[in-house]
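Only one structure is covered here, and it is reproduced in the block below.
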Amino acid sequence: GPVGDAELLKEYCRRLEDLVTARGGKRWVYKTEERFVTGTGRSHPIEIGFAWHPSLGVPYLPASSIKGLIGSQDCQDRKVILGSETRVGRVICLDAVPVAPVRLEADVITPHYFPWNEDNPPADWRSPTPIPFLAVAPGARFLFAVVPRDSKAADDVAQVGQWLEDALGNVGAGAKTAVGYGRMKRVPDAEVAWLVELKRRAEQEREARLKEQQRAKLDPLDRELQDVANSSKDPNIKPWILWLKQLEAGRWADPEH
């Protein structure tokens, strides 16, 4: 079944969205077009490792791997923007995590001629040695994000985004990229459910703030009339009917008459 908790991943992505927005960064969602393998160089009982996020329990791509992926391209000013062994970069890459639970598949490497050397060359009579490992199935969506180290690096964020798109589309992330693994394509925000929901909530909050500001400018009587008009759950009832009912009930009566 799918790996990862949907609500936990959604909450993590929302927090990451808030962080990126507050720091003036950018984020993108990419979908794997082929299988994706991460962390194969890590220690593991079956020889081929796998990178699990320490708190989410899902496959992820560490920020260091993202910088290495971009660095493999011929990018001008790459060391200035992303940093190097001797200097701090102007842009910070964040870990790439799935936006929803992902499906894993079993994969295998079969080095038919292992082991061999000059005195004992490879041949067809050797027994295959299959090595199984895990891979993320195609169609998984990952959230990538970068933030500027300071306000002067805002333009560099867009540049890193372009480098990232080129690298994911042409080279691929993770292992076995030579056979097409790790290739990813950018997904528009309109096709990501949690981003659509987040945008809808932000719009609702903006409208609520605007209404509250407009309400605060009204005099007390107009504010009270508006509250009465908004008290009905039936949109077909006219406000003046509600006001008339309140008048008949004795509301707004002049105490001197």
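The values are calculated or read from the model by the stated rules, or taken from the named source; none is laboratory data. Computed from a predicted structure; not experimentally measured. All Cβ positions, glycine included, derive from the backbone under ideal geometry; neighbour counts span all protein chains shown. What goes into the accessible areas is simple: the full protein's heavy atoms, side chains included, and nothing from ligands, DNA or RNA. Shrake-Rupley method; radii C 1.70, N 1.55, O 1.52, S 1.80 Å.
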Computed curve, the chain, Cα-only Debye sum without solvent term, log₁₀ I(q)/I(0) at 0.07, 0.08, 0.11, 0.17 Å⁻¹, is -0.43, -0.51, -0.74, -1.29
Among the GluC sites (Glu not before Pro) within the range 1-52, which fall in a DSSP loop and have no more than 16 other Cβ atoms within 10 Å of their own Cβ?
Glu47
Length gained, Asp150-Asp166, 0.36 nm per residue minus C-alpha separation, equals 3.3 nm
What is the calculated FRET efficiency for Asp124 to Val80, with r their C-beta to C-beta distance and R₀ = 30 Å, to the nearest 0.05?
0.05
Greater than 19 Å apart at Cα, pairs in Lys10/Lys176; Lys26/Lys152; Lys10/Lys211:
Lys10/Lys176; Lys10/Lys211
In whole Å, what is the distance between the alpha-carbon centres of the range 147-178 and the range 13-43?
11
How high is the relative contact order of the chain, in percent, with contacts defined as C-alpha pairs under 8 Å that are six or more residues apart?
24
Exposed-loop-free span, longest in the chain, where trypsin sites (Lys or Arg not before Pro) count as exposed if DSSP calls them loop and at most 16 other C-beta atoms lie within 10 Å:
150-216
Per-residue [θ]222 nm for the chain (sum of -39500 (n - 2.57) over DSSP H runs n ≥ 4, rounded to 500):
-11500 deg cm²/dmol
Return, ordered by residue number, the residues of the range 173-199 whose backbone nitrogen is under 20 Å from a label point located 7 Å along Cα→Cβ of Asp107.
173-186
Potential lengthening between Glu203 and Ile131 on full extension [0.36 nm per residue; Cα-Cα distance subtracted]:
20.8 nm
Surface share of carbon and sulfur [accessible, 1.4 angstrom probe, percent] for the range 1-117
50
For the range 57-132, what does the accessible surface come to per residue with a 1.4 Å probe? Please give it in Å².
61
